[in-house]
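K.L.:
For reference, the structure I am asking about is given below.
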Amino acid sequence: AQSVTQLGSHVSVSEGALVLLRCNYSSSVPPYLFWYVQYPNQGLQLLLKYTSAATLVKGINGFEAEFKKSETSFHLTKPSAHMSDAAEYFCAVSEGGGNKLTFGTGTQLKVEL
Amino acid sequence: GAVVSQHPSRVICKSGTSVKIECRSLDFQATTMFWYRQFPKKSLMLMATSNEGSKATYEQGVEKDKFLINHASLTLSTLTVTSAHPEDSSFYICSAATGGASNQPQHFGDGTRLSIL
């Protein structure tokens, strides 16, 4: 069975600082991995996805994530945080024959001046 | 591209009322649609998966007679909360995907805030 662990339910960074949101997965087969962002009272927006091509994936809004099989990780990074990045971030995994997603518990990113 | 519209965005109604929520894929055909429930400061809980033209598959613990799902076309799925009670108050989110492959991302609607008085 697949699962996702997001370490740190809350992360706070200063504007301009590096953003690092952690995601570790468990999967019995090569997984497909996704990062989504949720702004208050809205649905989820896809940031990026890993589908077994390049291990370093670039997404929207300057975010990227690196798939590391040896560490079973798919951490999300952004070199310089902006106030508009404050939101909830979800890591998700999909495996097997369908596109059913298993979500992590989410990380609330706060960006301070 | 890949826009999903969910309506209404917010609904407040009395206990015992049935409420219908619509989920539409505006610029693509959604073979599969998903319905989630999200509690405050919590992750998304998958309620059911629906494929166009067939019965929805409900997750364990979700009452199918309580949460009626219809996926009559490739662009529309509806969730009806029947005889809603205060404990059904929540944020409901739909998503849609093209095809059933694992590498196809889900595209999400903006959610419906349901409040039962």
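The values are calculated or read from the model by the stated rules, or taken from the named source; none is laboratory data. Because the structure is a prediction, the values reported are computed rather than measured. No Cβ is skipped: glycine too gets one built from the backbone with ideal geometry, and neighbour counts run over all protein chains shown. Just so you know, the surface numbers come from the protein's heavy atoms only, side chains and all, with ligands and any DNA or RNA stripped out. Shrake-Rupley method; radii C 1.70, N 1.55, O 1.52, S 1.80 Å.
K.L.:
For A:K69 and B:T82, what is the calculated FRET efficiency with R₀ set at 45 Å and r taken between the beta-carbons, to the nearest 0.05?
P.N.:
Efficiency at R0 = 45 Å is approximately 0.50.
K.L.:
Between B:K20, B:K66, B:K41, find the one with the highest GNM mean-square fluctuation for chain B; connect C-alpha pairs within less than 10 Å.
P.N.:
B:K41
K.L.:
Still on this structure, please answer the following. Show log10 I(q)/I(0) for the protein assembly as shown at q = 0.09, 0.15 Å⁻¹, two decimals, from a solvent-free Debye sum over equal Cα scatterers.
P.N.:
Those come out to -0.37, -1.00, one per q.
K.L.:
Sticking with this one: To the nearest 20 debye, what charge dipole does chain A have about its Cα centre, counting +1 at the Cβ of each Lys and Arg and -1 at the Cβ of each Asp and Glu?
P.N.:
240 debye
K.L.:
Compute the separation of the alpha-carbon centres of the stretch A:42-113 and the stretch B:40-80 and state it in Å as a whole number.
P.N.:
Computed from Cα coordinates, the inter-centre distance equals 25 Å.
K.L.:
Here's a follow-up. If you add up the charges near A:L21, with Lys and Arg at +1 and Asp and Glu at -1, over every other residue whose beta carbon is less than 14 angstrom from its beta carbon, what do you get?
P.N.:
It works out to a net charge of -1.
K.L.:
Mind checking which of A:G43, A:G62, A:G16 has the largest fluctuation in a GNM of chain A, springs on alpha carbons under 10 Å?
P.N.:
Ranking A:G43, A:G62, A:G16 by mean-square fluctuation puts A:G43 first.
K.L.:
Can I ask one more? Roughly how much of B:S15 is accessible, in Å² to the nearest 10, using a 1.4 Å probe?
P.N.:
In the full protein context, B:S15 sits at about 60 Å².
K.L.:
In nanometres, what is the gap between the two model label sites at B:S89 and B:R113, each 7 Å from Cα along Cα-to-Cβ?
P.N.:
Computed distance between label sites B:S89 and B:R113 equals 1.2 nm.
K.L.:
Could you sort B:H71, B:H7 by their accessible area in this structure, using a 1.4 Å probe and putting the largest first?
P.N.:
B:H7, B:H71
K.L.:
Relative contact order for chain A: what is it in percent, counting Cα pairs under 8 Å that are at least 6 residues apart?
P.N.:
37 percent
K.L.:
What residue among B:K42, B:K55, B:K14 shows peak mean-square fluctuation when chain B is described by a Gaussian network model with Cα springs under 10 Å?
P.N.:
Between B:K42, B:K55, B:K14, it is B:K42 that shows the largest mean-square fluctuation.
K.L.:
Let's see if you can work this out: charge +1 on each Lys and Arg Cβ, -1 on each Asp and Glu Cβ, no other charges. What is the dipole magnitude of the protein assembly as shown about its Cα centre, in debye to the nearest 20?
P.N.:
200 debye
K.L.:
In addition: Roughly how many nanometres apart are two label points built 7 Å out from the Cα toward the Cβ at B:R10 and B:K41?
P.N.:
For B:R10 paired with B:K41, the spin-label model returns 2.1 nm.
K.L.:
Also: With a 1.4 Å probe and every protein chain left in place, tell me how much accessible area B:Y58 has, in Å² to the nearest 10.
P.N.:
Roll a 1.4 Å probe over it and B:Y58 shows about 60 Å².
K.L.:
Please tell me the relative contact order of chain B in percent, rounded to the nearest whole number, where contacts are Cα pairs under 8 Å and at least six residues apart.
P.N.:
37 percent.
K.L.:
How much net charge surrounds B:Y92 when only the other residues with a Cβ under 9 Å from the Cβ of B:Y92 are counted, with Lys and Arg +1 and Asp and Glu -1?
P.N.:
Combined, the nearby Lys, Arg, Asp and Glu give +2.
K.L.:
Find, among the GluC sites (Glu not before Pro) in the stretch A:38-80, those assigned to loop by DSSP (not H, G, I, E, B) with at most 14 other beta-carbon atoms within 10 angstrom.
P.N.:
Sites meeting the loop and neighbour criteria: A:E71.
K.L.:
Quick one: ranking B:R24, B:R10, B:R37, B:R113 by accessible area, 1.4 Å probe, largest first, what do you get?
P.N.:
So the residues, ranked largest to smallest area, are B:R10, B:R24, B:R113, B:R37.
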